[in-house]
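The values are calculated or read from the model by the stated rules, or taken from the named source; none is laboratory data. Given the structure is predicted, the values throughout are model-derived calculations rather than measurements. Counting neighbours? That spans all protein chains shown, and the Cβs are built from the backbone with ideal geometry, glycine included. The accessibility values were calculated without ligands, DNA or RNA, using every heavy atom of the protein model including side chains. Shrake-Rupley method; radii C 1.70, N 1.55, O 1.52, S 1.80 Å.
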Amino acid sequence: MMREDTLLQQAISAARAGHELTARDIFLEIIEINPRNEIAWMWLTGLLDDLDDCIYACEMVLDINPHHASARQYLDQLQVKKQKQLAEEKLHAQNQLQRARELVKSNHRGDALALVRDVTQRTTPTVEAWRLFADLSTDMEDRLLALEKLLTLTPGDIKARQEIDRIRHFKIIRLIWRPCMKSRGILIRRLKLTVLPCCVPS
């Protein structure tokens with residue numbers, strides 16, 4: 001407890017002196033020691049960089065103390081900010097997908113795929129994004145991933161399920177035939193080594 005109190009004083013002093021990174025690290029150390037330290041969590045709501053982390057810190061304060069009015073008010077502000085952020089990301093993703101569809105029409109499938117891939121990595125992908133990704137990708141593993149993601153969003157998509165089954169079947173066939181083709185290649189090379197000397201004129 002004495003170590004926790006000492007660290008708490010150090011963290012608060014660092015924060016008030018403008019040493020925010022140092023303060024944040026000490027507060028994080030405190031909640032590792034005691035995950036129910038309300039003061040440390042409250043300070044972290046203003047020191048963490050990621051919006052989701054700040055929201056989580058507020059929620060932790062309210063979990064410890066449901067009557068903490070400042071934490072409740074700040075959480076409401078953060079959630080409004082989060083909704084605005086999500087709306088902006090959704091609009092950006094829609095614009096990216098529209099641009100990708102235009103690129104497909106002009107036969108620039110590689111550029112379209114790059115845009116769609118960016119959408120799936122930067123935002124929460126929609127059904128349309130995963131479907132377009134699956135249609136554009138020439139990589140079997142990428143297509144399978146996109147179709148599986150699509151199926152989690154639309155479990156009744158029969159076409160996606162059939163395509164997944166087809167790709168998995170093809171992968172199994174390829175695994176079975178690969179050793180056979182390798183053996184065939186070795187046999188052909190041996191036959192060449194045997195036959196070629198007979199074909200060389202004396």
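Observations
- Put a plus charge on the Cβ of each Lys and Arg, a minus charge on the Cβ of each Asp and Glu, and nothing anywhere else: the dipole of segment 23-72 about its Cα centre is then about 280 debye.
- Stokes-Einstein diffusion coefficient of the chain, Kirkwood radius over Cα pairs, 20 °C, 1.002 mPa s, in µm²/s: 95 µm²/s
- Alpha-carbon centroids, segment 103-147 and segment 1-76: separation in whole Å: 41 Å
- For segment 11-82, the set of trypsin sites (Lys or Arg not before Pro) satisfying both a DSSP loop assignment and a count of at most 14 other C-beta atoms within 10 Å is given as R36.
- Accessible surface computed residue by residue for the chain, with neighbouring protein chains in place and a 1.4 Å probe, gives 69 Å² per residue.
- Normalised alpha carbon radius of gyration of segment 86-169 [divisor 2.2 N^0.38 Å]: 1.07
- Cα→Cβ-extended label distance, 7 Å offset, between E38 and R109, nm: 6.1 nm
- Placing unit charges on the Cβ atoms of the charged side chains and taking the dipole of segment 1-125 about its Cα centre, the candidate lying farthest along the positive direction among G46, L7, T22 is G46.
- Ranked by solvent-accessible area (1.4 Å probe, protein heavy atoms only, all chains present), the residues T120, T138 order from largest to smallest as T138, T120.
- Estimated [θ] at 222 nm from DSSP helical runs (n ≥ 4, -39500 (n - 2.57)) normalised by residues in the chain, nearest 500: -28000 deg cm²/dmol
- Solvent-free Debye scattering, log10 I(q)/I(0), computed from the Cα coordinates of segment 8-61 at q = 0.19, 0.24, 0.29 Å⁻¹: -0.54, -0.85, -1.18
- H108 accessible area, assembled protein chains, probe 1.4 Å, Å²: 90 Å²
- The chain: relative contact order in percent, alpha carbon pairs under 8 Å with at least 6 residues between: 8 percent
- Share of carbon and sulfur in the accessible heavy-atom surface of segment 37-173 [1.4 Å probe, %]: 52 percent
- Going by accessible surface with a 1.4 Å probe and the largest first, K105, K171, K90 read K105, K90, K171.
- Heavy atoms of D165: accessible area, 1.4 Å probe, square angstrom to 10: 90 Å²
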